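First comes the structure, then the notes that go with it.
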C-alpha cells in the first residue's frame, strides 16, 4: 500500500506532525516506535512534572501530555502503529519502509521524528532514582521543588555541563561539577563564568560510581580518577550532561547527517537532502532539545509536507521549503 505521508517516531514532534497532517486530511501513518530509541511518546514518557510547556500553568506529567497529544492525533485521523521501523529505502520512490512486525508500506512523503537518547552512566541504582533525583535535562527538571536549595551534582566538562551547572544555580544552594579530567572543554567565556561563580564547586578528576538514597537520591559516590580514592558527596540531585545520541542508525548512508549523527536540515526548513523527506524534533536538534521546540518543528514539517504533496513538487523534485 502507498501512503500519502508516513511519520517515523512519536513524542512531541511526531504527534504534532500527525495532528497537522491529519487536519490537512493526509491520513498520516505513524510508526510510534515500540522499543527502538525508547518507548512510544519519547523522552517525556520518562519525565514526571513538565512545568515549562505552554498552556499548563500548574505543570503536567510528561506521560499525560504525550497521551493528550496522541489522542488529538487520533481525533484528526492519524493511524498510529506501536511498532518500530527497522528498514527504509530512500533510493526508490515511493519510499519503502519495513517494520518489526513485518509490515511493509510505501510513502509519497516522510517525516522523521525518532528523537535522541540522553547518554547515561548506568550507575548501580540509577533506574531507581531516575526522575527521583537523577535527570539529564536541567531546563526540564531544574525547577522541581526536589532541588530547591539543595546541593546538586552535574556530570560533565563540556558546554552542556557548564550551561546546566550555571542554570541550576537559580534553584540549588550549591552545584558540584564533576569533571573526569583536569580541565573543562567548554567555551572559554563559559568557563570563566563557572570559575568565578560562588555557588559552583568543581571537582577535578572525579567520576561518579554509585548513588544512594531512600525514596529520592541522597548521595553520590565518587572515585578519584587519579588516585582511585572513593568518597561520598551528599546531594539531592544528579544531572547527566554527557551528551545525547541521535536515533539515526536507521538512516545512515541514506540521509545526510552531521558529525554527531544528527540529520541535517536545510536553512529555516525541516527538509533533508532528499526531496519528500523532512526531519523534526531532537533527531535534528542538538541545541534546544525541548518539547516545545520539537512540537514546533513537527508543525513545520507537516506544513512543508502538505505543501509539497499538493503541488507538482513530486514530479519536479523541488519545493521542500515553504517560501515566504
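So residue 58 ticks every box in (1) surrounded by fewer than 15 Cβ atoms within 10 Å (Cβ to Cβ); (2) free of Cβ contacts under 8 Å to residues at least 24 places away in the same chain; (3) touching a strand residue (DSSP E or B) at 6+ places or on another chain (Cβ under 9 Å); (4) not in a helix (DSSP H, G or I) but one. Which box is left unticked?
Result: residue 58 passes all but (3).
Any chance region 264-276 includes a residue that's within 20 Å of residue 8 (Cβ to Cβ), touching a residue at least 60 places away in the same chain (Cβ under 8 Å), outside the structural domain of residue 135 (by TED's automatic domain parsing) and not in a loop (DSSP other than H, G, I, E, B)?
Among the residues of region 264-276, not one is within 20 Å of residue 8 (Cβ to Cβ), touching a residue at least 60 places away in the same chain (Cβ under 8 Å), outside the structural domain of residue 135 (by TED's automatic domain parsing) and not in a loop (DSSP other than H, G, I, E, B), which makes the answer no.
So which of 86, 97 is crowded, with 18+ Cβ neighbours inside 10 Å, assigned by TED's automatic domain parsing to the domain that holds residue 278 and in contact with a strand residue (DSSP E or B) (Cβ under 9 Å, 6 or more places away or on another chain)?
97
The conditions are (1) crowded, with 23+ Cβ neighbours inside 10 Å; (2) over 19 Å from the mean Cα position of the chain (by Cα); (3) under 17 Å from residue 290 (Cα atoms), and residue 42 fails exactly one of them. Which is it?
(2)
May I ask you to verify whether residue 233 is touching a residue at least 60 places away in the same chain (Cβ under 8 Å), assigned by TED's automatic domain parsing to the domain that holds residue 138, farther than 30 Å from residue 42 by Cβ and surrounded by 15 or more Cβ atoms within 10 Å (Cβ to Cβ)? If you could, list the steps in order and put the result at the bottom.
Values: touching a residue at least 60 places away in the same chain (Cβ under 8 Å): yes; assigned by TED's automatic domain parsing to the domain that holds residue 138: yes; farther than 30 Å from residue 42 by Cβ: yes; surrounded by 15 or more Cβ atoms within 10 Å (Cβ to Cβ): yes.
So residue 233 passes the test.
Any residue in region 154-161 that is under 21 Å from residue 289 (Cα atoms), buried (at least 22 other Cβ atoms within 10 Å of the Cβ) and free of Cβ contacts under 8 Å to residues at least 60 places away in the same chain?
Looking for residues that are under 21 Å from residue 289 (Cα atoms), buried (at least 22 other Cβ atoms within 10 Å of the Cβ) and free of Cβ contacts under 8 Å to residues at least 60 places away in the same chain, one finds at least one in region 154-161, hence yes.
Residues checked against (1) free of Cβ contacts under 8 Å to residues at least 12 places away in the same chain; (2) assigned to a strand (DSSP E or B); (3) out of contact with any strand residue (DSSP E or B) (no Cβ under 9 Å at 6 or more places or on another chain); (4) within 29 Å of residue 53 (Cβ to Cβ):
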| position | (1), (2), (3), (4) |
| --- | --- |
| 245 | no, yes, no, yes |
| 253 | yes, no, yes, no |
| 261 | no, no, no, yes |
| 289 | no, no, no, yes |
| 295 | no, no, yes, yes |
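Residue 51 fails exactly one of the following numbered conditions: (1) touching a strand residue (DSSP E or B) at 6+ places or on another chain (Cβ under 9 Å); (2) at pLDDT below 95; (3) within 19 Å of residue 283 (Cα to Cα). What is the number of that condition?
In the conditions (1) touching a strand residue (DSSP E or B) at 6+ places or on another chain (Cβ under 9 Å); (2) at pLDDT below 95; (3) within 19 Å of residue 283 (Cα to Cα), residue 51 misses (3) alone.
Quick one: which of 74, 65 is in a helix (DSSP H, G or I), without any contact (Cβ under 8 Å) to a residue 40 or more places away in the chain and either more than 24 Å from residue 251 (Cα to Cα) or touching a strand residue (DSSP E or B) at 6+ places or on another chain (Cβ under 6 Å) (or both)? Talk me through it step by step, then tell me what you get.
Working: 65 fails: without any contact (Cβ under 8 Å) to a residue 40 or more places away in the chain.
Only one candidate passes the filter, namely 74.
Which of the residues spanning region 89-114 are assigned to a loop (DSSP other than H, G, I, E, B) and free of Cβ contacts under 8 Å to residues at least 12 places away in the same chain?
92, 102, listed by residue number.
Can you list the strands (runs of 3 or more DSSP E) found entirely within region 115-220 that contain at least 3 residues being modelled with pLDDT of 95 or more and over 25 Å from the mean Cα position of the chain (by Cα)?
Output list reads 200-203, 206-213.
The values are calculated or read from the model by the stated rules, or taken from the named source; none is laboratory data. Quick caveat, the model's predicted, so the values are computed rather than measured. No Cβ is skipped: glycine too gets one built from the backbone with ideal geometry, and neighbour counts run over all protein chains shown.
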